[in-house]
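Report on the following structure.
The values are calculated or read from the model by the stated rules, or taken from the named source; none is laboratory data. Model, not experiment: these values are computed from the prediction. Quick reminder, even Gly has a Cβ in these numbers, built from the backbone with ideal geometry, and neighbours come from all protein chains shown.
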Amino acid sequence: MKQLQNIVCAVLLLLLGSCDGSNYISSVPSVPVYYTINVMAEDPSFVPASTGSYKIVTAPRYATDRIGYAGLLIYIGMDMNHHAFDLACPHCLNIARHVEVDGMYAVCPVCQEKYDLSYGYATPTTGVSKEALRKYRCNWNGTTLTVMN
């Protein structure tokens, strides 16, 4: 009996440990993302202390910049962290009409879906879309923000 309990516990730990969210498949095509901004030199107001601040990047500044499928939305959430998302609505996939920021929401101008940005998940709120905005990793080292996938 004790051996069976050990086996069941081991299997459960294995299953729980393998759930890191990396298997998520988005409707937004996976394209390279690498964008760095020296916040202190280029925009000192865009530090994590300013909740609700955001940047929209629709064109690369340098030859090494990669800005995703439709561009980047970088948002400072209520958790005081930077969060980055693709500008493409996963329901519409329209790169010419990307989501726009309205307070703590990203709103698609085509289908009117609202994505809640407040805590960095960008989940849909009105029910038209079935998935969140494609999210990218952010690395903040105190002066420089790097967005990547």
| task | Considering only residues that are part of a strand (DSSP E or B) and under 14 Å from the mean Cα position of the chain (by Cα), look in the stretch 84-100 and name the one that is farthest from Arg134 (Cα to Cα). | result | Ala84
| Can you find a residue in the stretch 87-109 that is of a type in the set (Lys, Arg) and either touching a strand residue (DSSP E or B) at 6+ places or on another chain (Cβ under 7 Å) or buried (at least 18 other Cβ atoms within 10 Å of the Cβ) (or both)? | no
| query | Does at least one position in the stretch 41-50 carry a residue that is assigned to a strand (DSSP E or B) and of a type in the set (Val, Ile, Thr)? | reply | no
| said: Out of the residues in the stretch 122-131 meeting the condition of being without any contact (Cβ under 8 Å) to a residue 60 or more places away in the chain and under 18 Å from Ala84 (Cα atoms), tell me which one is surrounded by the most Cβ atoms within 10 Å (Cβ to Cβ). | reply: Ala122
| said: If Tyr119 satisfies all but one of (1) touching a strand residue (DSSP E or B) at 6+ places or on another chain (Cβ under 9 Å); (2) modelled with pLDDT of 95 or more; (3) in a loop (DSSP other than H, G, I, E, B); (4) not small (Gly, Ala, Ser), what's the number of the condition it fails? | reply: (2)
